[in-house]
Amino acid sequence: MIKNALKYRIITYGCQMNLHESEKIAGILCQRGYTECESDNDADLIVFNTCCIRENAEKRAEGNIGALKQRKKSNKNLIIAVGGCMTQQKGYAEKLHDEFPFVDIIFGTHNLEKFGELLDKKIAENLTVIEVKEKEDKITEGTPKTRTSYPNAWVNITYGCNNFCTYCIVPYVRGRERSRDPENIISEIKGLISEGYKEITLLGQNVNSYGNDLSYANFPSLIRKVSEIEGKFRLRFMTNHPKDFSEELIKAIAESDKACKTVHLPVQAGSDRILKLMNRHYTRKEYLDKLEMLRAYIPDIAVTTDIMVGFPTETEDDFQDTVALVREAKFSGAFTFIYSPRKGTPAAEMKGQIDEITSKKRIMQLIDIQNSISCEYSGKYLGNTIEILCEGYDAKKKKYLGRDVYGRMAYFKGDNSLLGKFVNVKITKTGGMSLIGEMV
Ligand code: SAH
Ligand code: SF4
Ligand code: F3S
């Protein structure tokens, strides 16, 4: 008989969406009297909230789940649960159960709000509980949340994705796009601001198509409504899709005193042929034109991006188009990825998969180029005083840290009373993506 477990650990992989969903799982557990613990060794319940965007994300999670086999033998009361995007893949829950029969609960993204009930079932019956739903019935509101990223708070605005980029697994594991009612979003944000949160990050796979499934809301109007909420706070949102990134939205950002002067606008590739094969619905020129329009309205905007190398059939010329775009676009930062074939997606079936050595060579080159652009960008901060929202402490660097409105991270000496406060920091040293300074 398994006794009522009381200490939990949640191990999260993947994107901000997953980080926030782990806060919901934590909320459900806290409501049942569980408390978080620092180490796996002390835990009575370990939850893996997984990601399957690339193979290495999956391998990492599987390795860590496998490593618990011995612990489970020596502690029969330990409960192990696996949820998230990985388990939503067709046939994966069964595969996981075969490979790791010691996993007690397997659940998905569409029923994570029911995690408490699955846990009760496990404890009552002591049998493996496998429940993965193909679809979410309707958006669940009011799930308790134990937030972990103060002074930032994540707020869902859409779930799922309709875009079907040919490389991407997300639409298969997250389902079709659903938008939350704007009233619910606004009232959640008002609550968060009154609780003292200083930064709100709106979350969706493509925030720009927010409201497409509602007749009475769209993203620019949501930005305007959130900006009207009283109090000093910063507004961020991710991720944008270039095809839906509109002038109306740019105006809403430009006119908002809350919206940060930074936009994450994933380009993925600089070759029109590859963009087409990716099903991205824009050309290189259209992307650069949107950047130009954005910078015309907000000259100091910091733009970050995602770029992939090694997409099937990518030639050296295609890759050089990406390099040229990166040089031209002057991103303040970029996340770079090697394409990873995902089972069930069209790109995984394409002829002309690129070998690892070529992809690695390309990504190194790209990282080098972007690094020098990022350094140059950081260099401009030297001697400037910027307003930082203090968000944490870096034990290794022995410094407090936080970002400015452009999303640049700065490190400085301080004390715990600064957490969640806006502080002025004079930048004395720059390098790479981060800045070092002193409070003034
Ligand atoms: N919805 C967001 C984020 C998707 S996942 C968007 O469209 O921008 C984040 C990033 O992971 C993507 O922008 C893409 O660059 C990368 N990615 C997605 N699928 C991938 C794959 N199969 N292999 C490598 N990188 C991938
Ligand atoms: Fe994936 Fe494309 Fe949807 Fe982003 S927009 S989640 S890359 S399918
Ligand atoms: Fe990964 Fe799922 Fe996010 S696949 S990137 S955790 S939506």
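The values are calculated or read from the model by the stated rules, or taken from the named source; none is laboratory data. Fair warning: this is a prediction, and the values are worked out from it, not measured in the lab. Quick reminder, even Gly has a Cβ in these numbers, built from the backbone with ideal geometry, and neighbours come from all protein chains shown. When the accessible area is computed, the model is the full protein with side chains, heavy atoms only, and any ligands, DNA or RNA have been set aside. Shrake-Rupley method; radii C 1.70, N 1.55, O 1.52, S 1.80 Å.
Test each condition in (1) of a type outside the set (A, V, I, L, M); (2) within 16 Å of ligand 1 (Cβ to nearest atom); (3) touching a Leu at 6+ places or on another chain (Cβ under 9 Å) for Lys243 and report the one that comes out false.
(3)
Could you tell me which residue of region 353-373 is most open to solvent (accessible area, probe 1.4 Å), considering only residues that are without any contact (Cβ under 8 Å) to a residue 12 or more places away in the chain and among the acidic types (Asp, Glu)?
Asp368
Consider Ala124 carefully, then state whether it is part of a helix (DSSP H, G or I), away from ligand 3 (no atom under 12 Å from the Cβ) and open to solvent by less than 60 Å² (accessible area, probe 1.4 Å).
no
Hey, can you tell me all the residues within region 93-108 that are in a helix (DSSP H, G or I) and in contact with a helix residue (DSSP H, G or I) (Cβ under 6 Å, 6 or more places away or on another chain)? Let's see the steps before the verdict.
Quick first cut of region 93-108, residues in a helix (DSSP H, G or I) only: 93-99.
Matches in region 93-108: Ala93 only.
Could you grab me the full set of residues in region 78-101 that are more than 20 Å from His20 (Cβ to Cβ) and either under 22 Å from the mean Cα position of the chain (by Cα) or open to solvent by 30 Å² or more (accessible area, probe 1.4 Å) (or both)? First the steps, then the outcome.
Taking region 78-101 and keeping what is more than 20 Å from His20 (Cβ to Cβ), we get 78-80, 89-101.
Selection gives Gln89, Lys90, Gly91, Glu94, Lys95, His97, Asp98, Glu99, Pro101.
What number of residues in region 177-216 are in contact with a Cys (Cβ under 8 Å, 6 or more places away or on another chain) and open to solvent by 10 Å² or more (accessible area, probe 1.4 Å)?
Here the count works out to 2.
Taking region 271-290 as the region of interest, how many residues are in contact with an Asp or Glu (Cβ under 7 Å, 6 or more places away or on another chain) and more than 13 Å from ligand 1 (Cβ to nearest atom)?
Number satisfying all stated conditions: 5.
Can you give me the number of residues within region 118-164 that are within 30 Å of Lys190 (Cα to Cα) and in contact with a helix residue (DSSP H, G or I) (Cβ under 8 Å, 6 or more places away or on another chain)?
Counting residues in region 118-164 that are within 30 Å of Lys190 (Cα to Cα) and in contact with a helix residue (DSSP H, G or I) (Cβ under 8 Å, 6 or more places away or on another chain) gives 19.
Evaluate region 31-40: report whether one residue or more is open to solvent by less than 10 Å² (accessible area, probe 1.4 Å), under 16 Å from Lys114 (Cα atoms) and either touching a Gly at 6+ places or on another chain (Cβ under 7 Å) or not in a loop (DSSP other than H, G, I, E, B) (or both).
Within region 31-40, none of the residues are open to solvent by less than 10 Å² (accessible area, probe 1.4 Å), under 16 Å from Lys114 (Cα atoms) and either touching a Gly at 6+ places or on another chain (Cβ under 7 Å) or not in a loop (DSSP other than H, G, I, E, B) (or both).
Which condition number does Glu376 fail, the rest of (1) assigned to a helix (DSSP H, G or I); (2) at pLDDT 95 or above; (3) open to solvent by 60 Å² or more (accessible area, probe 1.4 Å) being met?
Here Glu376 clears every test but (2).
If Gly420 satisfies all but one of (1) without any contact (Cβ under 8 Å) to a residue 24 or more places away in the chain; (2) open to solvent by less than 20 Å² (accessible area, probe 1.4 Å); (3) on the phi > 0 side of the Ramachandran plot, what's the number of the condition it fails?
With (1) without any contact (Cβ under 8 Å) to a residue 24 or more places away in the chain; (2) open to solvent by less than 20 Å² (accessible area, probe 1.4 Å); (3) on the phi > 0 side of the Ramachandran plot applied to Gly420, the lone miss is (1).
Is there any pair with a first residue in region 170-184 that is in a loop (DSSP other than H, G, I, E, B) and a second that is within 16 Å of ligand 1 (Cβ to nearest atom) and open to solvent by 50 Å² or more (accessible area, probe 1.4 Å) whose Cβ atoms are under 6 Å apart and which are 6 or more apart or on different chains, and what are they?
Arg176/Asn162; Glu177/Asn162
Give the residue, chosen from Leu389, Leu401, that is among the hydrophobic types (A, V, I, L, M, F, W, C), open to solvent by less than 80 Å² (accessible area, probe 1.4 Å) and free of Cβ contacts under 8 Å to residues at least 60 places away in the same chain.
Every option except Leu401 fails the conditions.
For region 258-351, which helices (runs of 4 or more DSSP H) that fit wholly inside it have 3 or more residues that are outside the structural domain of Lys198 (by TED's automatic domain parsing), away from ligand 3 (no atom under 16 Å from the Cβ) and at pLDDT 95 or above?
Once the helices (runs of 4 or more DSSP H) in region 258-351 are filtered for at least 3 residues that are outside the structural domain of Lys198 (by TED's automatic domain parsing), away from ligand 3 (no atom under 16 Å from the Cβ) and at pLDDT 95 or above, what remains is 272-277, 284-297, 316-329.
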